[in-house]
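Notes follow once the structure below has been shown.
Read-outs throughout are calculated quantities, based only on the coordinates presented, and are distinct from any laboratory measurement. No experiment lies behind these values; they were computed from the predicted model shown. Here the Cβ positions follow ideal geometry from the backbone for every residue, glycine too, while neighbour counts run over all protein chains shown.
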Amino acid sequence: MSDNEAIIQLTGRHVATTYGRFPIALVKGKGTRVWDASGKKYIDFVSGLAVNNLGHCPPAVVQAIRKQAGTLLHVSNLYHIEPQSRLAAQITQLSFADKVFFCNSGTEANEAAIKLVRRYHHDRGDTGRREIITMGNSFHGRTLGSLSATAQKKFHQGFQPLVPGFKYVPFNDPAALESALSKKTAAVLIEPVQGEGGVHVAEKSYLKRLKKLCAENGALLIFDEVQTGFGRTGKLFAYEHYGVRPDLMTLAKGMASGVAIGALAGTKKVMATFMPGTHAATFGGNPLACQAGMATLETIADETFLANAAATGGYFSGRLQELKQRFPAIREVRGLGLMLAIELDRPGAGIVQECLQRGYLINCVQDKTLRFLPPLIVTRKEIDGLIKALASILGAFPARP
Ligand SMILES: *Cc1c(COP(=O)(O)O)cnc(C)c1O
């Protein structure tokens, strides 16, 4: 029995089956590469789902974690925590936000946002504003509040009753949004680029209109940048592409290179709602995660680094467009920066399996969409390798009857 098989059996016996897993166990990573337990190497175009934006085990982050682990792992938020204060200072310097609340995941960041906007209007005596508008095909997380915000029926199945107070409108549809907004609207929550929903990019005119409508209506605007944040789209935060500043943004995935962390960042005016006792997280902003976050942010926030990620994204997107010219099974190429996808005319699971065999990790969402989220340090040569593999797989496809 190979090491992979031993681990797979152990998983099968003892780990809850919330994931359909590929039959390999990844045991080591370096840069854009990971290895399974049999020693087979893969080029990673998944990055732990947009988490390992600097690649696996980036030396500066590993060093920061090692140092902090030997100094202070955890203390309560009843006390001041220097790495937390410093990471918050960095994030606010680099974004529209003035203040940051720390938690441990994307879903928790969105829970914090949902609670904050409700309380914000409550504290201003505007108690009728209870409703949060979210977008069709959105994904905001798996805990009940974020799940209720997620406008995809398949995730709700069997978990009702959901948290009340959410209203869904189609993505990129300004007319639908305009008719949904009312004096009951507390906030609009939107991913600038939908990730799990199939890599759909918000139109610039749409987000601009959204911002204007929210401001006129008195509703808050929340960007879920859990997946788009930290350089994924070629800017530090995706909202920078649009020239539209939200009141709040939620962050997590790429924030600390793989150490669990999440955050809600926002303007002074809105964040002032969080007073002692209103919200909390025991592990939120712990010294270890925040050191990893600082080391990560120091590398990603560099202008040259971001410009390079954007250029690599442009190159990758161009190569995917070439594939589309050659293979009619590809319906569309979408994305921004290094958050890219191709939509197929058929299910993509088989292609993911074939790529795995050829040493490439890719991901499939919404059944027919192949999603590519490589580390931001991916090289053109590695992209060429994946394109070649995809071409040979697609070339063997029978034409659709
Ligand atoms: C992954 C994701 C979440 C949930 O993050 P978790 O850390 O898995 O809870 C929320 N929003 C978006 C846009 C995501 O991509």
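Some points to look at:
- Residue under evaluation Ala292, criteria (1) within 16 Å of the ligand (Cβ to nearest atom); (2) touching a Phe, Trp or Tyr at 6+ places or on another chain (Cβ under 8 Å), criterion not met: (2)
- Top-ranked residue of segment 242-260 - restricted to ones that are away from the ligand (no atom under 13 Å from the Cβ) and surrounded by fewer than 24 Cβ atoms within 10 Å (Cβ to Cβ), ranked as nearest to Met339 (Cα to Cα): Tyr242
- For Pro174: the one exception among (1) touching a residue at least 40 places away in the same chain (Cβ under 8 Å); (2) away from the ligand (no atom under 13 Å from the Cβ): (1)
- Output for segment 152-171, where each listed residue is over 30 Å from Lys208 (Cα atoms) and not in a helix (DSSP H, G or I): Gln157, Gly158, Phe159, Gln160, Pro161, Leu162
- Test: residue in segment 73-87 that is more than 16 Å from the ligand (Cβ to nearest atom) and acidic (Asp, Glu): yes
- Given (1) surrounded by 19 or more Cβ atoms within 10 Å (Cβ to Cβ); (2) touching a helix residue (DSSP H, G or I) at 6+ places or on another chain (Cβ under 9 Å), number of the condition Gly218 does not satisfy: (1)
- Residue among Val27, Val100, Val51 that alone is touching a helix residue (DSSP H, G or I) at 6+ places or on another chain (Cβ under 9 Å), closer than 17 Å to Ala263 by Cα and away from the ligand (no atom under 16 Å from the Cβ): Val100
- Pair list, Cβ < 8 Å and 6+ apart or interchain, from segment 38-56 residues that are farther than 11 Å from Phe372 by Cα and basic (Lys, Arg) to residues that are in a strand (DSSP E or B) and more than 16 Å from the ligand (Cβ to nearest atom): Lys41/Arg33; Lys41/Val34; Lys41/Trp35
- Every residue from segment 8-24 that is out of contact with any helix residue (DSSP H, G or I) (no Cβ under 9 Å at 6 or more places or on another chain) and buried (at least 17 other Cβ atoms within 10 Å of the Cβ): Ile8
- So Gly158, is it surrounded by 23 or more Cβ atoms within 10 Å (Cβ to Cβ), out of contact with any Lys or Arg (no Cβ under 8 Å at 6 or more places or on another chain) and at positive phi: no
- The listed residue being among the hydroxyl-bearing types (Ser, Thr, Tyr) and within 12 Å of the ligand (Cβ to nearest atom), out of Thr185, Thr228: Thr228
- Residue that is surrounded by the fewest Cβ atoms within 10 Å (Cβ to Cβ), among those in segment 279-288 that are out of contact with any Leu (no Cβ under 8 Å at 6 or more places or on another chain) and not aliphatic (A, V, I, L, M): Thr282
- Among residues of segment 314-352, those that are farther than 30 Å from Ile300 by Cα and in contact (Cβ under 8 Å) with a residue 12 or more places away in the chain, counted: 14
- Hits in segment 198-213 - residues which are more than 15 Å from the ligand (Cβ to nearest atom) and under 21 Å from Phe139 (Cα atoms): Glu203, Lys204, Tyr206, Leu207, Leu210, Lys211
- Residues within segment 379-391 that are touching a Leu at 6+ places or on another chain (Cβ under 7 Å) and of a type in the set (Val, Ile, Thr), tallied: 1
- Extreme residue, surrounded by the most Cβ atoms within 10 Å (Cβ to Cβ), among residues of segment 103-125 that are within 16 Å of the ligand (Cβ to nearest atom) and hydroxyl-bearing (Ser, Thr, Tyr): Thr107
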